[in-house]
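Just below is one structure, and these are the notes that go with it.
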Amino acid sequence: MKRLLKWTAALFAFLVIGVVCAWSGYHLVVGADPLVVELFGGADVVELIRSADKVEAYRIEGDLYAKPHDEHAPRIRGYEVLSGPVLVDSESHDELAKALTAAWTYWWIGGKPCIPQPGIALVFTKGDAELEILVCFECDLLVVPRHNRSERVEDFDYGRPALVRIAKRLFPDDAAIQGLEE
């Protein structure tokens, strides 16, 4: 019985070590947490967020059914652009990339009974590649379009303070953004 218990403990320890090594190896090779890679639809998209040549931020009307402020205003993913683009500076881009690609930003195990009404659109561009991410501060939800797949919505409760600080820096004259709590 003792021998069986020892072998079982050894097998369990080996299994745990194997899983940890596999996860660590994936993280080192890909450079991002597997959950983050899945959220954005691939390691190449995570790399686009981190190394974009240009990042622009837009204030958007989050309610798709609201009466348009301007019938001829440009739209991002169907949402009316209220202001922008604001060219995101290098420091803010680094902070955005760190927050968006960190696993700790997201609450992976739950969902919210909320329909996102994003107030900010972030557009990451590198060469011909472009990614639009919508940020809803009402529900703390990120809306991520993914190529050839449906969009993904993820809860960023833990990353809210960092994202609010960046938004306030990007839109200093916007009363709604300045009124956000971290």
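Looking at the range 86-105, can you tell me whether even one residue there is assigned by TED's automatic domain parsing to the domain that holds residue 161, among the aromatic types (Phe, Trp, Tyr) and under 21 Å from residue 34 (Cα atoms)? Within the range 86-105 (the criterion being assigned by TED's automatic domain parsing to the domain that holds residue 161, among the aromatic types (Phe, Trp, Tyr) and under 21 Å from residue 34 (Cα atoms)), the answer is yes, since at least one residue qualifies. Evaluate the following for residue 171: is it over 17 Å from the mean Cα position of the chain (by Cα) and hydrophobic (A, V, I, L, M, F, W, C)? Yes: the conditions hold for residue 171. Answer yes if at least one residue in the range 112-127 is farther than 16 Å from residue 163 by Cα and of a type in the set (A, V, I, L, M), and no otherwise. Yes, there is a match, as at least one residue in the range 112-127 is farther than 16 Å from residue 163 by Cα and of a type in the set (A, V, I, L, M). So, in the range 76-129, of the ones that are of a type in the set (S, T, N, Q) and in a loop (DSSP other than H, G, I, E, B), which residue ends up nearest to the chain's Cα centre (by Cα)? Only one residue fits best here, namely 101. Given the residues 56, 61, 95, which is the only one that is among the acidic types (Asp, Glu), under 20 Å from residue 172 (Cα atoms) and touching a helix residue (DSSP H, G or I) at 6+ places or on another chain (Cβ under 9 Å)? Only one candidate passes the filter, namely 95.
Of the residues 138, 132, only one is closer than 15 Å to residue 59 by Cα, outside any strand (DSSP E or B) and in the same structural domain as residue 41 (by TED's automatic domain parsing); which? After applying the criteria, what remains is 138. Looking at the range 17-41, which of the residues that are within 17 Å of residue 106 (Cα to Cα) and among the small types (Gly, Ala, Ser) is modelled with the highest pLDDT? The extreme case among them is 41. Might you let me know whether the range 155-176 holds any residue that is assigned to a strand (DSSP E or B), at pLDDT below 90 and farther than 14 Å from residue 46 by Cα? Yes, some residue in the range 155-176 is assigned to a strand (DSSP E or B), at pLDDT below 90 and farther than 14 Å from residue 46 by Cα. Among the residues of the range 98-154, the one identified as at positive phi and crowded, with 21+ Cβ neighbours inside 10 Å is 140. Pairs linking a residue in the range 78-91 that is within 10 Å of residue 121 (Cα to Cα) to a residue that is of a type in the set (Lys, Arg) and surrounded by fewer than 17 Cβ atoms within 10 Å (Cβ to Cβ), with Cβ atoms under 8 Å and 6 or more positions apart or on different chains, are 81/75.
The values are calculated or read from the model by the stated rules, or taken from the named source; none is laboratory data. Everything quoted here is computed from the prediction, not taken from an experiment. Virtual Cβ from ideal backbone geometry, glycine too; neighbours counted across all protein chains shown.
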